[in-house]
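These notes concern the structure reproduced below.
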Amino acid sequence: MKHLLAAVALLASTPAFAQDKMTVLLDWFINPDHGPIIIAEEQGYFAEEGLEVEIIPPADPSAPPRLVAAGQADLAVSYQPQLHLQIHEGLPLKRVGTLVATPLNCLLVLADGPVQSLSDLKNRKVGFSVAGVEEAVLQAMLGHHGVTLDDIEMINVNFSLSPSLMSGQVDAVIGAFRNFELNQMEIEGIEGRCFFIEEEGVPPYDELIYVANPDRMDADMVRRFLAATEKATQFIINNPQESWEIFAATSTELQDELNEKAWVDTLPRFALRPAAMDAGRYARFEEFLKESGMIDSINPVDAIAIDVTAQ
């Protein structure tokens, strides 16, 4: 008995193994798109991988990739289309994992409005939030229907995508997320309709990805981070209602009808294998940007994305 008590006392006095600290910058305020990250934290999956993860929403949504490139954070949640352009700008970034594995972007119109096909956009107004890739996406979509960018008027509506559409300021918006803006309009009592970009001439891509500075990253920590988010994704898929309740309990701001609807619509789009990489997908999108005139040269896939499980 004395030996047992001594052993218990020794264990109690032994410090726990220190966890590796990681900083992850989100692309936006916390929302259902970030489900696997939040569930991994709440369910202790990061801790099981020996990680202490600091999750930070950005003050400026454009800043996270640049902060990671500068070595001020370990990972950032970003977008595949933007990553291609940022690498051409010279930022030392690579995709190391996937969070949302399908496009969320769509061209959104009123279901009963004047735009019933993309050809109806001729001589009409299209709202957007962020210049750059959206023009290439819209150009590809319109080209399949005999319309060019010169045939439409593009209006910067900042982040008021669905409000500008519902108010009649514009006839369509590009850059709307199908899991949010459609639900937002439905809640307002107005039915919207999405033209899905991957069905209209744009190569499919990973909407949300994890990016790192390859010269500064700890590949082992990244692998453990991805293992934890994979386990979280499996939990979400297997327990959609319970996982929603865990997620929503982290903030009163998440506990509303819009976020609950968005949660359901986002579940099938989470990457079931966040570390897995489709090299062809990155090669095709690089070629798409070149053909669209967005970039002047084509980078090889290994300059854009890496499989950290092979490092």
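The values are calculated or read from the model by the stated rules, or taken from the named source; none is laboratory data. Remember, it's a predicted structure, so these values are computed and weren't measured experimentally. When we count neighbours, we look across all protein chains shown, and the Cβ atoms used for this are built from the backbone with ideal geometry, even at glycine. Surface accessibility is based on the protein's heavy atoms, side chains included, excluding ligands, DNA and RNA. Shrake-Rupley method; radii C 1.70, N 1.55, O 1.52, S 1.80 Å.
In the set (1) closer than 30 Å to Ile39 by Cβ; (2) crowded, with 23+ Cβ neighbours inside 10 Å, the condition left unmet by Val173 is number (1). Assessment of segment 163-177 against the conditions (in a loop (DSSP other than H, G, I, E, B), among the aromatic types (Phe, Trp, Tyr) and closer than 30 Å to Ala275 by Cβ) yields no matching residue.
Tell me, please, whether a residue that is out of contact with any Ser or Thr (no Cβ under 7 Å at 6 or more places or on another chain), within 19 Å of Gln82 (Cβ to Cβ) and modelled with pLDDT of 95 or more can be found in segment 227-247. Within segment 227-247 (the criterion being out of contact with any Ser or Thr (no Cβ under 7 Å at 6 or more places or on another chain), within 19 Å of Gln82 (Cβ to Cβ) and modelled with pLDDT of 95 or more), the answer is no, since none of the residues qualifies. Go through segment 252-277 and count every residue that is more than 16 Å from the chain's Cα centre (by Cα), in a loop (DSSP other than H, G, I, E, B) and touching a residue at least 12 places away in the same chain (Cβ under 8 Å). Counting residues in segment 252-277 that are more than 16 Å from the chain's Cα centre (by Cα), in a loop (DSSP other than H, G, I, E, B) and touching a residue at least 12 places away in the same chain (Cβ under 8 Å) gives 0. Here Ala227 passes the criteria (1) in contact with a strand residue (DSSP E or B) (Cβ under 6 Å, 6 or more places away or on another chain); (2) open to solvent by less than 60 Å² (accessible area, probe 1.4 Å) except the one numbered (1). Among the numbered conditions (1) under 15 Å from Gln82 (Cα atoms); (2) in contact with a Phe, Trp or Tyr (Cβ under 6 Å, 6 or more places away or on another chain); (3) not charged (D, E, K, R), the only one that Asn299 does not meet is (2).
Determine whether Ile236 is β-branched (Val, Ile, Thr), outside any helix (DSSP H, G or I), closer than 19 Å to Pro36 by Cα and open to solvent by less than 50 Å² (accessible area, probe 1.4 Å). Working first, answer last.
Numbers: β-branched (Val, Ile, Thr): yes; outside any helix (DSSP H, G or I): no; closer than 19 Å to Pro36 by Cα: yes; open to solvent by less than 50 Å² (accessible area, probe 1.4 Å): yes.
Here the answer is no, as Ile236 does not meet what is asked.
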